[in-house]
Structures are given as C-alpha cells and as structure tokens.
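FYI, it's all coordinate maths here, none of it is from the lab. Note that the coordinates shown come from a computational prediction; the quantities given were computed from them, not determined experimentally. As a convention, Cβ positions derive from the backbone with ideal geometry for all residues, glycine included, and neighbour counts pool all protein chains shown.
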Amino acid sequence: MTPADPLAASPHDLADLRARLAGLEAELATLAEHLEEVREAAASDAPADQDSESSDGESAGKAERAGSDGPVFILLLDDDHQFAVELGLLMTWVEQVLEPTYINEPTPSAPWCSTWWEHPEAYARLHGIWLAWVQLTTPASDNWTGPADWHRDYLDPALAALRAPDGPLIDCTTDSRVPRHHPRPQASTKSTT
C-alpha cells in the first residue's frame with residue numbers, strides 16, 4: 001500500500017483554493033489602495049483618515065468612495081480595480097458581520113455558498129444590503145430605528161431570495177457535511193447578430 005500523495009487535492013479542494021485565492025487577491029488590492037492613501041496623506045502632511053481602519057467594512061467603504069457623489073452599485077463598476085476593491089470590502093463585511101451573525105447551517109431549503117462572490121446575483125444582493133446597512137446603521141445618521149428597518153426591509157428579503165430553494169445558490173452547499181460549489185452559467189447580454 002503506497003502512502004497518499006500529500007500534494008494531491010480533490011477537485012473540490014482546488015475550487016476552494018481558487019476561490020480563497022481570488023478573495024485574498026481582492027483583499028490585497030484593498031490593502032494596496034489603503035497604503036497608497038496613507039502615503040498620499042503623509043506626503044501632503046495631512047492626517048490619515050483614521051476611520052478607514054475600521055474592521056467592519058463600513059468606514060473603509062466610505063474612504064474608498066471619498067470624492068465621489070456616493071456609493072456605486074457593484075454591478076455598475078467598469079474598472080476592474082474598483083470592482084476588486086469594492087468586492088474586497090464587501091467580503092470583509094460578509095465574513096465579519098453577516099456570516100457569523102445571520103448565516104445558519106445550509107439545508108436543502110436554505111443553501112449557502114462559501115464562495116458566494118463567484119455568483120453575480122449573490123454579490124449583487126449582498127452589496128445592496130451592505131450599502132443599506134452602512135446607510136442605516138451609521139451613528140451620524142441619527143436614525144434610531146435604522147437597524148430594525150435594515151433587518152425588515154433589506155436583510156430578510158435579500159437572504160430569503162439568496163437562500164431560496166430555487167435561488168442562485170441552490171447548486172451549492174445544502175449540507176455542511178458535503179460542501180459543494182457550482183456557479184450557474186450566466187446568460188449573455190451581448191447581441192448575437
């Protein structure tokens with residue numbers, strides 16, 4: 001009997017590694033952007049924006065959008081770098097806030113995907129609820145009912161659609177003991193004349 005090859009990996013493991021690598025690349029892009037902001041602030045003798053170091057993704061997202069007229073929905077970002085930065089910020093929020101608090105064990109009636117960022121409908125919906133969360137839970141908004149409104153109007157409907165038995169994650173994990181990842185093919189929006 002020969003020992004198992006320690007470098008051999010199943011296709012599932014390779015898919016997980018690729019997804020994690022994509023996530024790390026997005027985080028690296030975010031960190032590079034923050035480093036550049038700090039360098040620019042130091043060069044101009046202006047104090048660095050301390051809020052951009054927040055671990056919840058809220059003020060970091062605001063710092064990334066500084067100078068713009070407001071947030072841009074992730075599906076409307078044309079620049080690959082901007083998309084990677086925004087996705088990295090969203091991933092941080094999902095991993096630190098959403099998943100530990102709101103994502104239960106996957107079941108056939110409520111699937112989840114650990115590589116949700118490979119599903120355009122998933123990251124679009126999650127980006128929408130993240131933008132609403134930032135808007136409604138920021139202390140400066142002075143909106144005491146913001147968190148309750150966010151749960152009722154944004155989180156609950158978005159998670160119901162994402163985790164529905166016929167939702168965008170149905171081909172992924174429905175049992176935590178058997179992880180799966182199968183992104184659905186996307187319909188082409190280009191004309192075939």
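Which order do the peptides 88-94, 135-141 come out in when sorted by mean C-beta neighbours inside 10 angstrom, highest first?
88-94, 135-141
So, R0 is 41 Å and r is the distance between the beta-carbons of Ser109 and Asp79; what FRET efficiency does that work out to, to 0.05?
Taking R0 as 41 Å, the efficiency between Ser109 and Asp79 is 0.60.
Can you tell me how the range 89-135 classifies by the Cα gyration tensor, rounded, prolate or oblate, using a/c under 1.5 as the rounded cut?
It comes out prolate by the Cα gyration axes.
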